[in-house]
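The next block holds one structure in the form of structure tokens; read it before the comments.
We did not get these values from a lab; they are worked out from the coordinates using the rules stated. Values in this document were obtained by computation on a predicted structure and should not be read as measured data. Virtual Cβ from ideal backbone geometry, glycine too; neighbours counted across all protein chains shown.
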Amino acid sequence: MPKITGGQLGSRKLRSPKSSAVRPTPGRVKEALFSILMHRVEGASVLDLFAGTGAIGIEAASRGAARVVAVEADRAIARTIEEAVEQLEIGDVMSVVAAPADRALYRLEGPFDIVYLDPPYAGDVPLQLFALLRERTLLAPEAVVVYEHAARRILPAIPGYRSAREEVYGDVALAFFAPDAS
């Protein structure tokens, strides 16, 4: 069961959807992520693509994000996130979109300060999603896009972005990108 690690909801547990399609971000990776983003979360607008358990978005809401949008393609899993949002009484901050990530990006209004991408590790690097974030002007000028991927994966250059940082935690890596100013 994923646990919220900080903020006003710290130590609350989340129900994991009963699906093999969900791979929760390990607790120590989540703690490290929010340690890195510590000064960016308060008052931020956060987009969690491939939300799974919703833990990243809920953690952001717990730590003071002003707006959180969780996108999950599987409707049953999205409903589980909605139930958690209701139970935790954070519906004023967090909303859930039940749609594939690429379709959702056409429906969302930005800008977002933090975008978390956690697609299935076996898939290709979601270059289309990186491109759509820029094309749809969904990124704030100082936005950070965090891409969680298997540590063994070598990332290509991402057009329109510069690599800002990469951290590895066992089998999991977090790549931090900033949109190019152009």
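Worth a mention:
- In plain terms, the chain from Met38 to Arg75 could stretch by 10.2 nm, reckoned as 0.36 nm per residue minus the Cα-Cα distance.
- Whole-number D in µm²/s for segment 21-100 (Stokes-Einstein; Kirkwood sum over Cα pairs; 25 °C, 0.890 mPa s): 197 µm²/s
- Segment 121-182: trypsin sites (Lys or Arg not before Pro) in DSSP coil with no more than 16 other Cβ atoms inside 10 Å: Arg136, Arg152, Arg153
- Using a Förster distance of 41 Å, the FRET efficiency for Asp92-Arg152 (Cβ separation, nearest 0.05): 0.55
- The chain - mean residue ellipticity at 222 nm from DSSP helices (-39,500 (n - 2.57) per run, n ≥ 4, rounded to 500): -8000 deg cm²/dmol
- Taken over the C-alpha atoms, segment 82-182 has Rg and Dmax values of 14.6, 42 angstrom.
- Coarse-grained scattering of the chain at q = 0.10, 0.11, 0.14, 0.17 Å⁻¹, given as base-10 log I(q)/I(0) from a Debye sum over alpha-carbon atoms: -0.33, -0.41, -0.69, -1.07
- Backbone amide hydrogens, once placed in the peptide plane, bring Ala143 within less than 5 Å of nothing, excluding anything fewer than 5 places away on its chain.
- 3J(HN,Hα) along segment 30-45: 4, 4, 5, 4, 6, 5, 5, 8, 2, 7, 9, 6, 4, x, 7, 9 Hz, from the Karplus curve 6.51 cos²θ - 1.76 cosθ + 1.60 with θ = phi - 60°, whole Hz, x for Gly and Pro.
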